[in-house]
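The block underneath contains the structure these notes are about, expressed in structure tokens.
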Amino acid sequence: MKITAIEIHPVDAIWKNWVFIRVLTDEGLTGLGEATINGFAQATIGAVRDLESLAIGKDPRQVNRIARAVIGTFADTGHIHRLVMAAIETACWDILGKSLGVPIHQLLGGTVRDSVPAYGNGWYRAERTPEAFLAAAEVAVAKGFNALKLDPFGTAQGFLPEGELRQTHAILRALRDRFGPAFKILIDVHSRFTPTEAVRIARRLAELDLFWWEEPTSPDREELTCEVARQCPIPVATGEQFDKVARFETLARGGGVGIWQPEPMSLGGIGPTLAVAHLAEANGAWIAPHQSGGPVATALCLHIAACTPNFLIQEHFLPFNEAWTQDLVNWTPALDPATGHLALPTGPGLGLELDLDVVKAHPYRPGLYFTTQVAGWEKRLGRKAAG
């Protein structure tokens, strides 16, 4: 079997563009991958075209060999380079699973769980008030979520004024009072604050029993996050912006961070993500993979979660995206309202296929990006480029 071509399918998902690929073979099997990153769809598409020759002509079932070839160019372009590696690697795993008639998690050694605990994100497309957040949370809980993540800080950068801190506290207090002590509230700081400010704010909010404090400060130096974690009364989670496994080694050496958030697309796919999981396990940490892309990346995370003993919880956006996005693929995970868990893929390979008619109906749109520095970002309406 040989790879004959790679198709690229960008999709306007309203607040960002998703980028999917299909790897085609001379035996008719195809594989799906995803290479979504905030604001850089065209750069990623160009990178796929630059590197596709490293995969075309090779046997897709030799997954590791192809992944090494794609990442082995002399120049390292970080996230975008690894997005290409991840998309192609995932598509090859998909083809390998289909060729053998088994899901990817079976190829990785089999499952250690029957379902995957999840938390909702993207659910609060509303004004930044306790009333609006609570109303949005009611909808999310009705869908079956017993854990939700939010960024309640508006457009603050560096420091949080006292009035804004009181507003933040009021939003979180409304959620805690309404849904009770068993409900998990996860905070995404989006790397906003200086280290000392991140600790100060966490101490003010700690009495609300928050599940984690994500990306509390700049990701440029992992040591700063470790320092925050050692002083923070809320468990610190980080890692979604890391594009190399070795950056997690710095977390291990620095200590304090017990929840690691590898982003499989940014790291290069399944292989590097499992390497992070093993490193985390050896250092007494849990992994909670970041995932704010589309349904292919969601399925990829579920296969990893299925076979990873030290997996904690999975981020899940899909129920809060535009309704038509549910038609992009022929399988999305059901959420059990009794447990808040997602079902595992059971079909061969990734366990889903892309509907190209739906893709064509929602083509790439320029100017879409996500930023917390623009008022009203919580609504995730997308932004048109100036002009």
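Worth pointing out:
- Here each label is just a point 7 Å from Cα along the line to Cβ, and for A323 and T129 those points are 2.7 nm apart.
- Distance between the modelled labels on K379 and T155, one decimal in nanometres: 1.3 nm (7 Å Cα→Cβ projection).
- Counting other Cβ atoms within 10 Å as a rough exposure proxy, the listed residues T73, T372 run T73, T372 from fewest neighbours to most.
- When you restrict to C-alpha pairs under 8 Å that are six or more residues apart and normalise by the size of segment 245-387, the relative contact order lands at 16 percent.
- Of interest is the spacing of the C-alpha centroids, which for segment 270-344 and segment 7-66 amounts to 20 Å.
- Order by protection proxy (mean Cβ within 10 Å, highest first), peptides 108-121, 248-261, 91-104: 91-104, 248-261, 108-121
- Among the listed pairs K58/K98; K16/K379; K16/K58; K2/K98, those beyond 22 Å (Cα-Cα): K16/K58
- Computed over the alpha carbons of segment 98-223, Rg followed by Dmax gives 17.7, 59 Å.
- For the chain, the relative contact order comes to 22 percent (Cα pairs under 8 Å, sequence separation of at least 6).
- Approximate spin-label separation E27-I56, in nm, with each point projected 7 Å along Cα-to-Cβ: 2.1
- R0 of 30 Å, Cβ-Cβ distance L100-F370: FRET efficiency to nearest 0.05: 0.20
- Taking the square roots of five times each eigenvalue of the Cα gyration tensor of the chain, the equivalent ellipsoid has semi-axes of 33, 22, 21 Å, listed largest first.
- Local charge for F183 was computed over the other residues whose Cβ lies under 15 Å away, with Lys and Arg +1 and Asp and Glu -1, and equals +3.
- Protection proxy ranking of 176-186, 31-41 - average other beta-carbon atoms within 10 Å, highest first: 31-41, 176-186
FYI, it's all coordinate maths here, none of it is from the lab. Because the structure is a prediction, the values reported are computed rather than measured. Please note: Cβ atoms are built from the backbone with ideal geometry, for glycine as well, and neighbour counts cover all protein chains shown.
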